[in-house]
Amino acid sequence: MKGLVMEGGAMRGVFTAGVIDVLMENNIKFDGGVGVSAGACFGCNYKSNQPGRVARYNLAFCDEPDYMSFRSMFKTGDLFNVNFAYDKIPNEYDPFDYEEYKRNPMEFYIVATDIEKGTPVYKRLDSIEGENMKWLNASAAMPIAAKIVEIQGRKFLDGGVTDSIPLKFFIHKGYDKNVVILTQPADYEKKSNKLEPIIDKKYKEYPNLIKASKIRHIRYNRSLEYIKEKEKTGECLVIQPKEKLAIGRITHDPALVLDAYMSGRVVGAENLEKVKKYLGEK
């Protein structure tokens, strides 16, 4: 089966959006996709078949304080305003195609972190309506910068804490041809989080989350090693930036958003024939 694996990275995810827009525009089909954090929030547009949508709303609202800002964090507890990002944008400003999402047979999964257990949770979303929109929120709820998301009595934060690049999960699901989109260049190595003392204090009631956070960089780097192994066996093909993106996890500069998006489009176009050949597309 053909899989699409998308890591997070907050606003670095617009690079991923550029890549997947090129793939969608060229009618590249996948049996399933899995996204983490921004990879989930932006990647779900593959199943709804809406190329260009991620770039549109991020260019339109990246400098809007009600979308993402420290003012929003002070007022609501979320750096990315939940009401704006998960209601106003998909239902009013740039409508999400809920019906096409449901019609498309492509499976779509997100990864969130159960903060009481300190383990990843993989949730298949056959629709993005109702409670399922909360799962998108949970996948992208960054520690410190977001409120804990509660779903059916369980508590969640960013899936990247426990599984930033869920290729192993997808291979275990039976996906043997996977396109993996990363938002860091090939020479990237994740370091330990300098904010760990704050995480220790803020989440002292959740020791398993703290433990998971402390080894996040180790897990991430092991995932990169695993990906390299699976590239050799043909179980994945990696697409990533040629160099470190100028955009950070948070930006209010439309020029940086556009640059990251266009970088994704360029890399996507450069890899298009390779992807077609790898997936057996004509």
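The values are calculated or read from the model by the stated rules, or taken from the named source; none is laboratory data. Worth saying up front: this structure is predicted, and the values here are computed from it rather than measured. Here Cβ is always computed from backbone atoms with ideal geometry, including for glycine, and neighbour counts include all displayed protein chains. Calculation scope for accessible area: heavy atoms of the full protein, side chains included, ligands and nucleic acids excluded. Shrake-Rupley method; radii C 1.70, N 1.55, O 1.52, S 1.80 Å.
A few comments on the model shown:
- Leading residue by the ranking (surrounded by the most Cβ atoms within 10 Å (Cβ to Cβ)) among those in region 17-60 that are in contact with an Asp or Glu (Cβ under 8 Å, 6 or more places away or on another chain) and hydroxyl-bearing (S, T, Y): S37
- Of the strands (runs of 3 or more DSSP E) that lie entirely inside region 116-168, those containing 1 or more residues that are among the polar types (S, T, N, Q) and over 16 Å from the mean Cα position of the chain (by Cα) span 119-124.
- Residue within region 136-144 that is open to solvent by less than 20 Å² (accessible area, probe 1.4 Å) and of a type in the set (V, I, T) present: no
- Some residue of region 62-76 being under 23 Å from S263 (Cβ atoms), touching a Phe, Trp or Tyr at 6+ places or on another chain (Cβ under 8 Å) and open to solvent by less than 40 Å² (accessible area, probe 1.4 Å): yes
- Number of positions in region 30-45 that are more than 14 Å from V14 (Cβ to Cβ) and assigned to a strand (DSSP E or B): 4
- Within region 222-275, the set of residues being open to solvent by 70 Å² or more (accessible area, probe 1.4 Å) and under 15 Å from A186 (Cα atoms) comprises R222, E225, K228, E229, E231, K242, E243, K244.
- Listed by first and then second residue, the pairs linking a residue in region 56-73 that is free of Cβ contacts under 8 Å to residues at least 24 places away in the same chain and assigned to a helix (DSSP H, G or I) to a residue that is surrounded by fewer than 15 Cβ atoms within 10 Å (Cβ to Cβ) and not hydrophobic (A, V, I, L, M, F, W, C), with Cβ atoms under 6 Å apart and 6 or more places separating them unless they lie on different chains, are R71/P65.
- Any chance D158 is open to solvent by less than 70 Å² (accessible area, probe 1.4 Å), over 30 Å from I227 (Cβ atoms) and not aliphatic (A, V, I, L, M): no
Yes or no, residue by residue, for (1) assigned to a helix (DSSP H, G or I); (2) touching a helix residue (DSSP H, G or I) at 6+ places or on another chain (Cβ under 6 Å):
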site	(1), (2)
N27	no, no
A85	yes, no
F96	no, yes
K102	yes, no
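- Region 124-135 - residue that is within 21 Å of L167 (Cα to Cα) and among the hydrophobic types (A, V, I, L, M, F, W, C) and, of those, most open to solvent (accessible area, probe 1.4 Å): W135
- The condition (being open to solvent by less than 30 Å² (accessible area, probe 1.4 Å) and touching a Pro at 6+ places or on another chain (Cβ under 7 Å)) is satisfied by just one residue among V111, V121, V179: V111.
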